[in-house]
Amino acid sequence: MNVGIILGWTSPIMEELLGPNSPIPMTVDESSWFVSVIDWGLILGSLPFGVLADRWGRKPSLQIIGPMALATWVALLYVDTFQGLLAVRFMQGLLAAGAYTVLPVYAGEIAGPKIRGALGTMFQIMMYVGILYVYAAGMYLDYTRLTYAAMAGPVVFCALFATIPESPHFYVMKNRLADAKRALVWLRGDDTGSSVDDEMDAVVECICKEMRNASFTELFTDWVSLKALIIVQGLSVFRVMAGVTALISYASITFAEMHVAVDSNKLSLVFACSVLFSALPSTVLADRVGRRPLMIVSCASCFAFDTAIFAYFYVDTCTTYDVTDYGWLCVLAVGGLSVAHTLGLGSLLSTINCELFPSNTRSIANAVNTITLTVASFLALKIYPVLADDGGMYRNYLISSLFSLTSIISCFLWLPETKGKTFAAIQAQLRKTDDLV
């Protein structure tokens, strides 16, 4: 949720910052740096947080994010220069890197095989809750008051996360078996049945085998691990380039070009709602339908809606045909795109990334994935307003439609199914098939 607040905070205040009464004046080009500088923090923070998660633990690595996030929001109240604003946003990027890198690993490890997909999607859902929260607050609050409202996220996190246990997998990695058993009992709510003992034995057996046969270098030298890494990096690029990532940050300026007689900030709020509520079905479907079918449907639907949005902006800009009366169709297409994206690309990536790698490389693999996500996001956020300037909005969605088309083919050919399988079973499947299908 805190990551969502950090990402979404820029959209409702963008018009104020670009306006004549801006508290921190900036140009359109500078505004793209303001939005995208957070990605440099994500790049530089991912690997350190991955290492910390394996050395200190998943929980401490996440726990430090709360007070540090609160400190950045306080700092924004006193910053009065563009350079200072960039520095604070960079720090927020470092903290977001911690969440992106460690939280999917933690969520995957505390979940049982039957609910891992559902719990993995909660990471994305809560991020959308944060975006919706800051969009809604941004309709009524200016720069300063919205910054105060953003502080609620870190405060709630610090209060609640202190009661949650460490990952049993991490305890086993450190040979703290008694602590692992206590954490597992807390998580499963059962200290008398045999299910906890069976799961504990399975975790110990799996991690002992992984720690004996795997190393960090295997992530890049073992062919099966390398193919898994390539698949996840490809999905990361497709996720960003489908168009929703840029829409989250530039929703207000995008809706302003759709010739709809509704305030762009209100449309941004509706967009955030559609993103959030469209993520809810994936919580159920991920463990029933499976990861692979949902991803293929998601990519195909993104292609269809990206193409529709491209067509609208192209006709509006490059032809003499009047599309003013059809702006609502473009708004609907944006809503459809958010639903399609969230169904698979937006909600399942962290789950798939967690499932394809063994325990001792899982955090580092997730850090590499975060860097890929960040580089792609930085490029997408940087070029979006530049391409959109002077009526070129259609160019953004032409690019998105081409990436979405490529993602359909890639998921169909190479994405494995991991639904309902333990980490040990997934690794056995990958080692046995050697072709990830």
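The values are calculated or read from the model by the stated rules, or taken from the named source; none is laboratory data. Please read these numbers as outputs of a predicted model, since none were measured by experiment. What goes into the accessible areas is simple: the full protein's heavy atoms, side chains included, and nothing from ligands, DNA or RNA. Shrake-Rupley method; radii C 1.70, N 1.55, O 1.52, S 1.80 Å.
Can you tell me the 0 to 90 degree angle between the C-alpha axis of helix 194-213 and the longest principal axis of the chain, rounded to 10?
80
Is the C-alpha gyration tensor of region 90-150 telling us rounded, prolate or oblate? Criteria: a/c under 1.5 is rounded; beyond that, a/b larger than b/c is prolate, otherwise oblate.
Values: a/c = 4.81, a/b = 1.95, b/c = 2.46.
Judged from the Cα gyration tensor, region 90-150 comes out oblate (a/c at least 1.5, b/c at or above a/b).
Using only Cα atoms, tell me the angle between helix 152-161 and the longest principal axis of the chain; keep it within 0 to 90° and round to the nearest 10.
10
For the chain, set up a Gaussian network in which alpha carbons nearer than 10 Å are linked by springs, and say which option among Asn353, Asn21, Asn366 fluctuates the most.
Of Asn353, Asn21, Asn366, the most mobile in the Gaussian network model is Asn21.
On the accessible surface of the chain, probed at 1.4 Å, how many percent belong to carbon and sulfur atoms?
Details: 11850 of 17510 Å².
Solvent-exposed carbon and sulfur of the chain make up 68 percent of the total.
Could you sort out which of Lys114/Lys174; Lys227/Lys382; Lys227/Lys432 sit more than 20 Å apart by Cα distance in this structure?
Details: Lys114/Lys174 26 Å; Lys227/Lys382 29 Å; Lys227/Lys432 14 Å.
Beyond 20 Å between Cα atoms: Lys114/Lys174; Lys227/Lys382.
Which shape class applies to region 177-329: rounded if a/c is under 1.5, otherwise prolate when a/b exceeds b/c and oblate if not, where a ≥ b ≥ c are the square roots of the Cα gyration tensor eigenvalues?
On the way: a/c = 3.49, a/b = 2.15, b/c = 1.63.
Judged from the Cα gyration tensor, region 177-329 comes out prolate (a/c at least 1.5, a/b above b/c).
Quick check: the angle from helix 345-355's long axis to the longest principal axis of the chain, C-alpha only, nearest 10 degrees?
20
Per residue, how much accessible area does the chain have with a 1.4 Å probe, in Å²?
On the way: 17510 Å² over 437 residues.
With the other protein chains kept in place, the chain gives 40 Å² per residue.
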